[in-house]
Amino acid sequence: MLVASGLITSSQLNEALELQRTSGGKLGQLLVHKKFIEERKLLEFLSKQFGIEFVDLRSVQIDPEVLKIIPENIARRYGLVAVGKTDNKLKVAMEDPLNIVVLDDLKMMTGFDIKPVFGAESDISEAIDRNYGTKTSQDALDDILKKTTEGTTEVSLVEEDASKGGGEDLISLNAEEAAPIVKMVNLIISSAIKAHASDIHIEPTYKETKVRFRIDGVLHAQPSPPKKFHNAIVSRLKIMSTLDISERRLPQDGRTKLKIDDREIDLRVSVLPCGPGEKVVMRILDSSGLKLKLEDLGMEPENLAIFSKCIKAPHGINLVTGPTGSGKSTTLYSALATLNEPDVNIVTIEDPIEYQLEGINQVGVNADVGLTFAAGLRSFLRQDPDIIMVGEIRDFETMSIAINAAMTGHLVFSTLHTNDAPGAITRIGMMGVEPFLTSSTLLMVVAQRLVRGICKNCKETYEVTPDLLVSLGVPKPLLDNNIKNGKIILSRGRGCEVCANTGYKGRMGIHEILEVNDAIRALIIEKAHASKIKEAARKNGMITLRESALRKLFAGMTTVEEVIRVTGSDVD
């Protein structure tokens with residue numbers, strides 16, 4: 001049809017089809033990439049073909065109130081922007097207006113009927129930057145230099161290895177140029193800490209240097225310094241974390257400790273060589289924000305009762321599962337803090353030690369000298385421990401020693417990487433552990449995730465029909481309990497200065513706790529599939545991750561969007 005319309009030639013089409021066959025991708029994108037057709041002309045053609053309106057975003061003024069309906073992180077993730085609304089219909093410009101899944105998610109999270117329209121990818125990106133207030137690199141540098149002269153939060157190294165020198169790029173700058181680099185790095189770090197970020201990403205592209213903060217589990221773009229300063233910033237961070245500034249071909253990991261507003265902050269620094277340059281990710285470890293009370297974990301009363309009972313057992317294994325950044329360490333630390341008494345000997349081996357807990361003997365993994373999880377755990381048994389915590393069980397050897405420890409009267413805590421609680425039992429079996437050993441030592445498995453909480457400063461309620469929640473897999477009793485006059489009342493954040501216009505502030509845990517009782521032990525011995533174990537556990541009252549999230553949704557603590565984002569795969 002494009003050839004027939006004279007927009008491209010047959011040879012151009014064949015070349016694009018051959019490229020698609022070898023490298024994949026959408027035909028339209030390949031035609032634009034090869035400059036065989038302009039993006040807007042292609043979209044105008046598709047608009048006529050599909051009967052979907054095309055909107056030229058370059059000439060559209062978007063009402064800020066309309067813009068707030070879709071959060072910035074969603075707009076950037078899916079490549080879309082809200083451009084107008086009438087009554088209960090929201091017009092959304094999209095790179096792919098035929099994506100039914102995204103349309104359904106938008107309808108669910110906004111409560112509007114969605115009218116998709118075509119928008120050019122480059123125009124959507126510019127519209128997001130323009131309307132959500134992203135600054136240019138030069139504007140960001142001007143702001144940084146202005147703030148450094150106004151006197152920002154003082155950042156100082158607690159320990160710094162001066163022998164590493166100033167760095168190749170930092171040395172190449174004169175003193176007048178180098179000082180702003182140090183202040184720039186300090187400002188980035190202090191801004192991240194003030195924003196309660198858990199990670200800082202400084203990543204190079206071929207055109208710019210990007211700075212992003214992970215706040216409440218989601219990455220947010222920040223004003224970025226000019227590309228020409230990227231190497232100097234990386235060198236400064238390497239100096240701070242005592243890394244080799246001359247090595248740019250291999251990944252490096254380091255640590256540093258900073259003092260900010262009389263608070264000591266630990267930073268774990270990871271440097272990774274990429275095509276355009278070195279990417280740096282810093283994990284912020286702030287012990288002042290660590291919550292160690294079991295009541296602060298966000299567990300439902302039923303889950304908290306099981307958790308409290310199992311962590312106080314005289315011996316056995318308690319496992320916490322979930323992906324990286326799901327709060328497993330906090331849960332384990334909370335359990336240990338609860339059990340930490342003068343008459344109890346607690347030892348841990350971690351990679352690395354994230355937070356120092358008084359009264360607990362903590363050992364850090366050091367693979368270079370042979371101190372692995374298995375080696376540390378083996379030596380612990382000669383230290384007369386009552387309670388042992390292993391940062392992660394990765395292999396048969398570590399699992400085997402942990403089981404032996406549990407069978408000889410020790411209480412063991414550890415983590416696994418599995419998607420749900422029943423899956424942990426299957427994972428242990430795949431390591432080669434005999435089922436009778438698992439069934440006789442395992443006490444419980446906790447699967448957990450973190451969902452963002454609604455900002456209390458800009459929280460508002462809205463109504464949805466029960467039909468909209470059916471696709472979420474909401475159990476009928478839970479749905480019926482929350483219907484009022486044929487409607488369900490949910491909450492969301494409008495966005496304000498307190499929450500940086502995201503509508504969210506802070507995170508809370510959702511939990512799935514599998515208690516190993518006689519019925520579960522019998523299934524373990526039978527080597528039953530995880531689905532059968534899950535079915536039996538649910539009959540015994542286990543709350544799934546999705547159900548835990550839904551309870552918080554109906555309690556007005558989180559949003560539909562968060563339930564979909566965090567538990568999208570947890571649907572029967």
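The values are calculated or read from the model by the stated rules, or taken from the named source; none is laboratory data. All values derive from a computational prediction rather than experimental measurement. Neighbour counts are summed over all protein chains in view; Cβ atoms, including those assigned to glycine, are modelled from backbone coordinates with ideal geometry. The protein model used for the area step is the full one, side chains on, heavy atoms only, and it has no ligands, DNA or RNA in it. Shrake-Rupley method; radii C 1.70, N 1.55, O 1.52, S 1.80 Å.
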Worksheet item: Restricting region 451-473 to residues that are aliphatic (A, V, I, L, M) and surrounded by fewer than 21 Cβ atoms within 10 Å (Cβ to Cβ), which is modelled with the highest pLDDT?
Response: 464
Discussion item. If a residue counts only when it is under 20 Å from residue 420 (Cα atoms), which strands (runs of 3 or more DSSP E) contained entirely in region 442-526 have at least 1 such residues?
Written reply: 442-454, 504-515
Practice prompt. Specify the residue that is surrounded by the most Cβ atoms within 10 Å (Cβ to Cβ); the eligible residues are those in region 203-228 that are touching a residue at least 24 places away in the same chain (Cβ under 8 Å) and in contact with a Leu (Cβ under 6 Å, 6 or more places away or on another chain).
Written response: 225
Worksheet item: Within the group 120, 75, which residue is in contact with a Lys or Arg (Cβ under 8 Å, 6 or more places away or on another chain) and in contact (Cβ under 8 Å) with a residue 40 or more places away in the chain?
Response: 120
Discussion item. Can you pull out every residue in region 22-62 that is among the acidic types (Asp, Glu), in a loop (DSSP other than H, G, I, E, B) and open to solvent by 80 Å² or more (accessible area, probe 1.4 Å)?
Written reply: 38
Worksheet item: Just for region 6-21: of the residues that are out of contact with any helix residue (DSSP H, G or I) (no Cβ under 7 Å at 6 or more places or on another chain) and not in a helix (DSSP H, G or I), which one is farthest from residue 36 (Cα to Cα)?
Response: 6
Item to complete: Inspect all residues belonging to region 432-449 and state whether any of them is of a type in the set (A, V, I, L, M), touching a helix residue (DSSP H, G or I) at 6+ places or on another chain (Cβ under 6 Å), without any contact (Cβ under 8 Å) to a residue 60 or more places away in the chain and over 30 Å from residue 502 (Cα atoms).
Response: yes
Item to complete: Could you list all residues from region 309-350 that are touching a helix residue (DSSP H, G or I) at 6+ places or on another chain (Cβ under 7 Å) and part of a helix (DSSP H, G or I)?
Response: 311, 331, 334, 335, 338, 339
Item to complete: Answer with yes or no whether residue 243 is modelled with pLDDT of 90 or more and open to solvent by 60 Å² or more (accessible area, probe 1.4 Å).
Response: no
Item to complete: Return the only residue of 377, 304, 297, 381 being in contact (Cβ under 8 Å) with a residue 40 or more places away in the chain and touching a helix residue (DSSP H, G or I) at 6+ places or on another chain (Cβ under 7 Å).
Response: 297
Response to the item:
Sole miss for residue 124 among (1) at pLDDT 80 or above; (2) farther than 25 Å from residue 32 by Cα is condition (2)
Practice prompt. State all residues of region 8-20 that are open to solvent by less than 60 Å² (accessible area, probe 1.4 Å) and among the aliphatic types (A, V, I, L, M); if no residue qualifies, say none.
Written response: 8, 13, 16, 19
Worksheet, complete the sentence: Those residues of region 499-511 which are open to solvent by less than 10 Å² (accessible area, probe 1.4 Å) and β-branched (Val, Ile, Thr) amount to 510
Item to complete: Taking the residues in region 512-567 that are touching a Leu at 6+ places or on another chain (Cβ under 6 Å) and of a type in the set (Val, Ile, Thr) as candidates, determine which candidate is surrounded by the fewest Cβ atoms within 10 Å (Cβ to Cβ).
Response: 567
Discussion item. Going through 400, 414 one at a time, which residue ends up being modelled with pLDDT of 90 or more, open to solvent by less than 60 Å² (accessible area, probe 1.4 Å) and not in a helix (DSSP H, G or I)?
Written reply: 414
Discussion item. Just to be sure I understand, how many residues within region 417-449 are open to solvent by 10 Å² or more (accessible area, probe 1.4 Å), in contact with a Leu (Cβ under 7 Å, 6 or more places away or on another chain) and within 16 Å of residue 548 (Cβ to Cβ)?
Written reply: 2
Practice prompt. Say whether the condition of being aliphatic (A, V, I, L, M), over 35 Å from the mean Cα position of the chain (by Cα) and more than 30 Å from residue 220 (Cα to Cα) is met by at least one residue in region 18-36.
Written response: no
Worksheet item: Does region 76-105 hold any residues that are surrounded by fewer than 21 Cβ atoms within 10 Å (Cβ to Cβ), under 12 Å from residue 127 (Cβ atoms) and at pLDDT 85 or above, and which are they?
Response: 79
Worksheet entry | In region 343-370, the residues that are without any contact (Cβ under 8 Å) to a residue 12 or more places away in the chain and either of a type outside the set (D, E, K, R) or open to solvent by less than 30 Å² (accessible area, probe 1.4 Å) (or both) | 353, 366, 367, 369, 370
Discussion item. Quick check on my filter: what residues within region 246-263 are open to solvent by 60 Å² or more (accessible area, probe 1.4 Å) and out of contact with any helix residue (DSSP H, G or I) (no Cβ under 8 Å at 6 or more places or on another chain)?
Written reply: 248, 249, 250, 251, 253, 255, 257, 259, 261, 262
